[in-house]
1. Spot the failing condition for residue 225; the list is (1) within 23 Å of the chain's Cα centre (by Cα); (2) outside any loop (DSSP other than H, G, I, E, B); (3) charged (D, E, K, R), and only one is missed.
2. Suppose we filter 270, 301, 293, 283 for residues that are open to solvent by 10 Å² or more (accessible area, probe 1.4 Å) and of a type in the set (Gly, Ala, Ser); which single one remains?
3. Helices (runs of 4 or more DSSP H) wholly in segment 420-518 with at least 2 residues that are more than 12 Å from ligand 2 (Cβ to nearest atom) - which ones?
4. Is there any pair with a first residue in segment 398-423 that is within 23 Å of residue 448 (Cβ to Cβ) and a second that is open to solvent by 10 Å² or more (accessible area, probe 1.4 Å) and in a helix (DSSP H, G or I) whose Cβ atoms are under 6 Å apart and which are 6 or more apart or on different chains, and what are they?
5. Consider residue 578 carefully, then state whether it is at negative phi, in a loop (DSSP other than H, G, I, E, B) and within 12 Å of ligand 1 (Cβ to nearest atom).
6. Looking at segment 448-475 only, could you name the residues that are open to solvent by 10 Å² or more (accessible area, probe 1.4 Å) and within 16 Å of ligand 1 (Cβ to nearest atom)?
7. With 131, 163, 142 as the choices, which residue is in contact with a Ser or Thr (Cβ under 7 Å, 6 or more places away or on another chain), under 15 Å from residue 189 (Cβ atoms) and part of a helix (DSSP H, G or I)?
8. Looking at (1) within 21 Å of residue 452 (Cα to Cα); (2) away from ligand 1 (no atom under 12 Å from the Cβ); (3) touching a Leu at 6+ places or on another chain (Cβ under 9 Å), which is the one condition that is false for residue 488?
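The values are calculated or read from the model by the stated rules, or taken from the named source; none is laboratory data. This is a predicted model, so every value here is computed, not measured. All Cβ positions, even for glycine, are placed from backbone atoms using ideal geometry, and neighbour counts span all protein chains on display. Accessible surface areas use protein heavy atoms only, side chains included; no ligands, DNA or RNA. Shrake-Rupley method; radii C 1.70, N 1.55, O 1.52, S 1.80 Å.
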Amino acid sequence: MDQVATKPTANAADAARKPGGDTDRQAQEIDGFQLVIDALKLNGIDTIFGLPGIPITDLTRRLQASGLRVIAFRHEQNAGYAASIAGFMTQKPGICLTVSAPGFLNGLTALANATTNCFPMILVSGSSEREIVDLQQGDYEEMDQLAIARPHAKAAFRVLHAEDIGVGVARAIRAALSGRPGGVYLDLPAKLFPQTIDAESGRNSLIKVVDPAPRQIPAPDAVQRALDLLKSAKRPLIILGKGAAYAQADADIRALVERSGIPYLPMSMAKGLLPDTHEQSAAAARSYVLPEADVVMLIGARLNWLLSQGKGKTWGGASPKAWGGQKFIQVDISPQEADSNVRVDAPVVGDIGSCVAAMLSAMGAKWPQPPSEWVDAISERRTKNVGKMAETLAKNPVPMNYHSALNVVRDIVKANPDAILVNEGANALDFTRSIVDMYKPRKRLDVGTWGVMGVGMGFSVAAAVVSGDQVIAIEGDSAFGFSGMEVETICRYDLPVCVVIMNNNGVYRGDEVNPTGGRDPSPLVFVKGARYEKLMDAFGGVGVLATTPAELRNAMEEAIRSRKPTLINAVIDEKAGTESGRITSLNPTAKKK
Ligand SMILES: Cc1ncc(C[n+]2csc(CCOP(=O)(O)OP(=O)(O)O)c2C)c(N)n1
Ligand SMILES: [Mg+2]
């Protein structure tokens with residue numbers, strides 16, 4: 001572990017040069033800046049995502065000077081998304097550092113998104129002078145940030161005194177990582193940073209967090225109850241969620257699925273936990289298995305809107321709110337998750353790794369395989385659907401559509417299974433999810449629980465920085481716009497990111513018109529034929545316009561070969577998309593139509 005160094009401040013260094021200066025006293029003191037840095041280093045934090053300004057400019061400088069990697073963004077929201085996905089990928093809290101009020105608020109969306117998605121992240125924001133803020137006397141960037149952050153975070157803390165920095169950082173780390181991970185807010189007022197305390201007591205006040213995410217071993221009877229139910233099933237199904245991917249229990253999860261012989265469905269960010277080409281994958285028969293299954297085991301997946309709350313037509317229920325009759329086993333770290341939407345007959349509470357290991361050992365080597373009628377029925381549908389998809393993918397329409405473009409991406413990802421795929425948009429998201437197979441765990445990063453637009457470039461930067469692997473970002477043209485300026489960040493840090501914009505001239509489609517016939521375009525469309533690739537050119541990266549699958553393929557292959565920052569503007573038929581992609585049913589206006 002790093003030594004906790006007491007670096008003399010700049011002033012102390014000056015004083016050291018003057019004979020008779022007060023070097024001794026200053027050398028024995030440590031300031032708030034250094035304590036924050038040392039507390040982070042002591043806990044193995046090596047990367048900070050942020051954006052400098054008052055009061056954290058010097059902190060960003062000194063973080064870099066002391067050997068941490070500081071990745072500076074063009075907007076705090078993107079730094080926040082970067083931090084959150086770094087947390088998901090590494091099981092260490094991702095740190096986002098911002099200035100007060102507006103910078104803090106810009107980061108807050110990412111913090112709330114992290115909490116919703118169970119990503120461990122700490123938003124560290126400087127704040128203005130407490131006395132003035134609390135009396136609302138009009139300070140520079142005045143805002144009661146702690147109160148505003150609290151409802152959007154798993155926990156929120158403020159440190160007022162230098163001697164409490166160690167505790168503050170330790171509490172933030174524990175809160176972010178333990179149990180169900182989430183977003184934590186840490187408020188550091190401007191006055192804290194230059195505070196000095198005795199160096200020795202400063203060092204002693206720091207805490208290296210021991211076992212920040214303690215294992216939670218499931219109760220043996222809960223495991224047995226789950227296995228008994230699973231064994232009784234005629235049509236069992238396993239659903240793997242993002243929590244299963246986060247757990248990094250990849251070998252055991254695969255062993256559990258394979259030994260049980262049970263068909264499984266991966267949620268979006270669990271794709272690749274087992275290769276999507278695995279013979280037990282029921283992804284291509286999703287609409288068959290959900291209503292037909294009799295026992296469903298959820299592993300790190302919640303029965304939220306993405307699974308139609310476990311009821312309704314998707315699950316074979318007679319009406320939109322009716323239960324389909326399935327029995328559920330839910331493996332989850334949170335004891336409060338079960339029964340949140342439908343009855344869970346066998347909750348198994350613990351961390352995914354411990355739960356899966358306990359199940360494997362209780363299953364023994366011999367486990368009755370699911371009835372062959374069930375497995376065969378699924379594989380028949382899968383073969384049919386995969387065949388249909390192959391036909392669609394083989395077509396070569398002019399202009400390109402999502403299928404012909406994504407057929408290229410599918411090949412490229414197959415040839416580069418270590419590449420990380422970032423994905424956002426509506427049609428650009430839904431088609432990519434279903435067309436592009438993933439082969440390894442945690443390689444697919446997307447809009448998650450909220451379906452949020454704007455994660456694209458922040459996720460891409462973090463994925464490249466944290467892993468060193470090639471990143472491929474498949475972006476709707478609207479989605480890209482939310483974080484597009486970060487292509488400068490990608491160029492500045494020279495990251496191996498290949499952005500592919502599925503450019504259909506708009507949100508969902510590009511062919512809407514203003515019904516009044518007025519001069520303003522429809523709110524759903526953008527400048528026709530926009531040349532997004534020139535944005536990348538502007539900062540020294542490689543920009544390519546691709547109007548055919550062959551051009552797209554060449555450009556992607558070259559990007560991966562060169563590892564240069566690349567943006568490919570893939571021109572897609574503006575009539576190819578559907579409103580809201582796959583979730584048209586959630587769109588009230590579309591429903592009326
Ligand atoms: C922060 C945020 N704002 C707005 C939305 C609503 N929204 C959902 S998808 C989408 C953009 C879809 O267009 P595009 O990215 O171009 O994908 P396409 O369907 O055209 O491929 C928008 C604005 C959202 N999900 N998140
Ligand atoms: Mg679009």
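1. (1)
2. Working: 270 fails: open to solvent by 10 Å² or more (accessible area, probe 1.4 Å); 301 fails: open to solvent by 10 Å² or more (accessible area, probe 1.4 Å); 293 fails: open to solvent by 10 Å² or more (accessible area, probe 1.4 Å).
Testing whether each residue is open to solvent by 10 Å² or more (accessible area, probe 1.4 Å) and of a type in the set (Gly, Ala, Ser) leaves just 283.
3. Numbers: elements: 427-435, 456-467, 477-481, 487-492.
Helices (runs of 4 or more DSSP H) meeting the threshold: 427-435, 456-467, 487-492.
4. Final answer for the pair search is 402/431; 406/431; 423/429.
5. Numbers: at negative phi: yes; in a loop (DSSP other than H, G, I, E, B): yes; within 12 Å of ligand 1 (Cβ to nearest atom): yes.
Taking the combined requirement at face value, the residue satisfies it.
6. Applying the first criterion (open to solvent by 10 Å² or more (accessible area, probe 1.4 Å)) to segment 448-475 yields 448-453, 465-470.
Within segment 448-475, 448, 449, 450, 451, 452, 453 meet the criteria.
7. Numbers: 131 fails: in contact with a Ser or Thr (Cβ under 7 Å, 6 or more places away or on another chain); 142 fails: part of a helix (DSSP H, G or I).
Result of the check over 131, 163, 142: 163.
8. Unmet for residue 488, out of (1) within 21 Å of residue 452 (Cα to Cα); (2) away from ligand 1 (no atom under 12 Å from the Cβ); (3) touching a Leu at 6+ places or on another chain (Cβ under 9 Å): (1).
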